[in-house]
Amino acid sequence: MTGTTSPSASAFMVNAFWLSSPGLTAVFDAIEPVGRIRVVGGAVRNAILGEAISDIDLATEAEPHEVAAAAQKAGIRVHETGIEHGTLTLVADRIAYEVTTLREDVSTDGRRATVRFTRDWSLDAERRDFTMNALYLDRYGRGLDTVGGYADCLARRVRFIGDADQRIVEDHLRILRFFRFNAAYGRGPLDPAGLDATRRHKARIADLAAERICHEVMRIVVAQNAGNVLGLIGAEGFLDGFLPGPYNVDAYRALAGLERRAGREPTPALAIAALLNFDEAAFQSAADALKFSRRDRARALDAMAASRGMPPLSVPQTHALLYEHGTEAFVDGLLVGAARGADIIDLPHLVTAARQWRRPRLPVSGTDLLEQGGAPGPELGERLAHLEKVWRQSDFMLDKAHLLAIDRQLRQPKD
Ligand code: ATP
Ligand code: MG
């Protein structure tokens, strides 16, 4: 069967400049001879909403071996990393496109699905999660909607396709995806049917791998409108055992706002620390439960440590804090400090100064000191440490000659 559309399918149009980009054009040209191919998922949704797109996923009637052969024939590089799920990555004009053969679910167990290929676009749509994520676009911007997703997308309504309970039982990650897409694209109250289903099945989140939960949580906290959704997640205990609530949503909002005003997107690990009211013990146990990377854990702990010195009371103290913590933790500490209520009047100026700061280097080395006498070993370490302390206290002003003079003075035999 070749069914392109179900009887209820409806059409829409989208004008997106990237549809005629050289890479995507090359992909369409290469694959169309072996099967219809359309853009699907996030790129379509974001184009409708007028938001930036991250990557372009495509769906096609052609089977993976046909896609691979057609792409290779057209001189497009093919990576077969996801081939067992029907996905190939095509690199055209140095951009990666994921091309997946239309699929339907054969069986699901809450964590993974067994699929089979189909040529029916409405079956492929039905195995996706939310109506706004199941929209297709051909190369001319002509849309295909078999699930009523276009109207939902325009209304920013995140609605499960089909029966919400069943969709969550099939894949428990969809509970968190429901919150993520609401946080990122939703408007108004959450869809009651979806919300009630997530409530009924919230215990199933614990069946998921911690890394997958962590990945979703980190994407929720950086979403534009995460505040209300996070309040709900915390108050209703959706992440008990991982990130227990209730959360300090005010601190979270304050920090996210400060980060955006400082010209950057919210940092997931810092956002999570804010939700936990910057309580280091609570943060540590959440980081354990969610299997944070070493980097993410250190990022938040360093920020919380640096924030205790904020605001710096003088220029030399600013330099000392920068020297102790480094630029990243200093700026993080400033923002965390401000979110915690520290009165930092000249925040933008301090952020700029920190970004321009270059770490000074102690102007003397062990070799320099040995030339003045003494032997390598712990004693030399102490001499260096002492000079570094004096140098720091001088606001890093003392030069090599001064420091060597101080060392000589200290080494003079006392009588
Ligand atoms: P983003 O901009 O965040 O990448 P996206 O919609 O592209 O958003 P992905 O997680 O990249 O999200 O997934 C791509 C598409 O695959 C989704 O739009 C959706 O149609 C489908 N999808 C992904 N994960 C699931 C899932 N767990 N259940 C059902 N469909 C899913
Ligand atoms: Mg995507």
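Name every residue in segment 364-378 that is under 15 Å from Arg408 (Cβ atoms) and surrounded by 11 or more Cβ atoms within 10 Å (Cβ to Cβ), in order of residue number. If you could, list the steps in order and put the result at the bottom.
Of all residues in segment 364-378, those under 15 Å from Arg408 (Cβ atoms) come to 364, 368-374.
Those that are under 15 Å from Arg408 (Cβ atoms) and surrounded by 11 or more Cβ atoms within 10 Å (Cβ to Cβ): Val364, Asp368, Leu369, Leu370, Gln372, Gly374.
Determine, yes or no, whether Glu259 is part of a loop (DSSP other than H, G, I, E, B) and of a type outside the set (Ser, Thr, Tyr).
Values: part of a loop (DSSP other than H, G, I, E, B): no; of a type outside the set (Ser, Thr, Tyr): yes.
Answer is no for this residue.
For segment 51-63, which positions are surrounded by fewer than 22 Cβ atoms within 10 Å (Cβ to Cβ) and either at pLDDT below 95 or within 16 Å of ligand 2 (Cβ to nearest atom) (or both)?
If the condition is that a residue be surrounded by fewer than 22 Cβ atoms within 10 Å (Cβ to Cβ) and either at pLDDT below 95 or within 16 Å of ligand 2 (Cβ to nearest atom) (or both), then Glu51, Ala52, Ile53, Ser54, Asp55, Asp57 are the ones that fit.
Report, by residue number, each residue of segment 35-63 that is within 16 Å of ligand 1 (Cβ to nearest atom), over 20 Å from the mean Cα position of the chain (by Cα) and in a loop (DSSP other than H, G, I, E, B). Full working, then the answer.
Within segment 35-63, the subset within 16 Å of ligand 1 (Cβ to nearest atom) is 37-60.
Now drop any that are not over 20 Å from the mean Cα position of the chain (by Cα), which leaves 37-40, 44, 47-50, 58-60.
Result: Gly50, single match.
Under 8 Å between Cβ atoms, which residue pairs at least 6 apart in sequence (or on different chains) link something in segment 336-354 that is outside the structural domain of Leu270 (by TED's automatic domain parsing) with a partner that is of a type outside the set (D, E, K, R) and part of a helix (DSSP H, G or I)?
Listed by first residue and then by second, the contacts come to nothing, as the list is empty.
What residue, of Glu32, Glu66, is modelled with pLDDT of 95 or more, away from ligand 1 (no atom under 16 Å from the Cβ), in contact with a Gly (Cβ under 8 Å, 6 or more places away or on another chain) and over 23 Å from Ala155 (Cα atoms)?
Values: Glu32 fails: in contact with a Gly (Cβ under 8 Å, 6 or more places away or on another chain).
Being modelled with pLDDT of 95 or more, away from ligand 1 (no atom under 16 Å from the Cβ), in contact with a Gly (Cβ under 8 Å, 6 or more places away or on another chain) and over 23 Å from Ala155 (Cα atoms) holds for just one of Glu32, Glu66, which is Glu66.
Identify, by number, the condition in (1) away from ligand 2 (no atom under 16 Å from the Cβ); (2) touching a residue at least 12 places away in the same chain (Cβ under 8 Å) that Tyr136 doesn't meet.
(1)
Answer yes if at least one residue in segment 103-122 is under 28 Å from the mean Cα position of the chain (by Cα), within 16 Å of ligand 2 (Cβ to nearest atom) and either touching a residue at least 40 places away in the same chain (Cβ under 8 Å) or not assigned by TED's automatic domain parsing to the domain that holds Leu49 (or both), and no otherwise.
no
The values are calculated or read from the model by the stated rules, or taken from the named source; none is laboratory data. Note that the structure is predicted; figures quoted are calculated from it, not measured. For neighbour counting, all protein chains shown are included, and Cβ atoms are generated from backbone atoms with ideal geometry for every residue, glycine included.
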